[in-house]
Structures are given as structure tokens and as C-alpha cells.
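Presented below is the structure to which this report refers.
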Amino acid sequence: MKIRPDEVAKVAKLARLRLDDDSLEAFAGQMDGILAYMETLGAVDTDGVEPLYSPVLHETPLRADVATKACARDRILANAPATDGQFFIVPKIV
């Protein structure tokens with residue numbers, strides 16, 4: 001499939017991009033290359049091939065999910081412009 005510069009211009013307009021004629025030609029060539037590669041991949045016989053979710057065969061180490069208290073409430077509230085001693089006080093938004 002051959003991508004023409006006018007098709008690239010349509011896509012650029014949808015993306016709200018302004019491209020000059022040289023850029024349109026360059027992008028048309030790049031899109032042609034991408035589509036040619038996709039056609040090559042589409043021609044590969046993949047019948048009987050199991051999906052590959054990750055090329056790495058080892059297990060991913062996970063840390064224990066433990067809740068910890070990182071900062072004291074007074075230190076956090078010390079930076080607030082207004083508090084009631086326990087929570088931030090913010091302007092009411094209606």
C-alpha cells in the first residue's frame with residue numbers, strides 16, 4: 001500500500017499539525033516503510049504458536065505490601081495555610 005502525501009496531510013490536519021511539503025513527503029515514506037513491515041509480519045505463519053507475554057522466564061520479585069506511617073501529621077499540617085489541628089481547611093467550592 002502506497003501512502004500519498006495528501007493522506008499524510010489529512011492525518012496531520014486531524015492531529016492539528018502544520019507540515020510543509022517536504023515533511024509530508026518524508027512522513028509518507030516513513031509510513032510506507034511501517035506498513036510494508038506490518039505486511040511482512042502479517043505474512044508470517046503463526047498457527048500453533050503460543051502467545052508470549054514476556055521474553056523473561058524468571059519470576060518477578062515482589063515486596064510485601066505493608067502500610068507504614070511515613071510522616072507525622074503535625075509535620076504535614078505545619079505546611080498548610082489553615083488547619084483545624086487534624087485536617088486541612090480549604091475554601092468551599094460550589
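Taking Lys92 as the anchor, which aspartates and glutamates have their alpha carbon closer than 16 Å to its alpha carbon, excluding any fewer than eight residues away along the same chain?
Asp84
Going by how many other beta carbons lie within 10 Å of each one, how would you line up Asp65, Asp74, fewest first? Mind showing how you got there, number by number?
Numbers: Asp65 5, Asp74 9.
Sorted ascending by nearby Cβ count, the order is Asp65, Asp74.
Quick one: compute the contact order of the chain, relative version, from alpha carbon pairs under 8 angstrom and 6+ residues apart, as a percent. It would help to have the intermediate numbers written out before the result.
Working: 35 pairs, mean separation 17.0, N = 94.
For the chain, the relative contact order is 18 percent.
Taking only Cα atoms, what is the 0 to 90° angle, nearest 10, from helix 5-14's long axis to the longest principal axis of the chain?
Its long axis makes an angle of about 20 degrees.
How large is the Kirkwood hydrodynamic radius of the chain, in angstrom, based on all distinct alpha carbon pairs?
Numbers: mean 1/r = 0.0483 Å⁻¹.
Here the Kirkwood hydrodynamic radius works out to 20.7 Å.
Can you list residues from other chains, or at least 5 along the same chain, whose modelled amide H is less than 5 Å from the amide H of Thr83?
For Thr83, the qualifying residues are Ile89.
Between Asn79 and Asp21, with labels modelled 7 Å along Cα→Cβ, what's the label distance in nm to one decimal, could you check?
Inter-label distance under the simple model: 5.6 nm.
I'd like the Karplus ³J(HN,Hα) series for the stretch 15-22: coefficients 6.51, -1.76, 1.60, θ = phi - 60°, whole numbers in Hz, and an x wherever there's a Gly or Pro.
8, 6, 10, 9, 10, 7, 4, 5
Placing unit charges on C-beta atoms (Lys and Arg positive, Asp and Glu negative, everything else neutral), compute the dipole magnitude of the chain about its Cα centre in debye, rounded to 20.
On the way: 11 positive and 15 negative charges, 194 e Å.
Dipole size: approximately 940 debye.
Values in this text are rule-based calculations from the coordinates and carry no lab data. This is a predicted model, so every value here is computed, not measured. With ideal geometry, Cβ positions are generated from the backbone for all residues, glycine too; neighbour counts draw on all protein chains shown.
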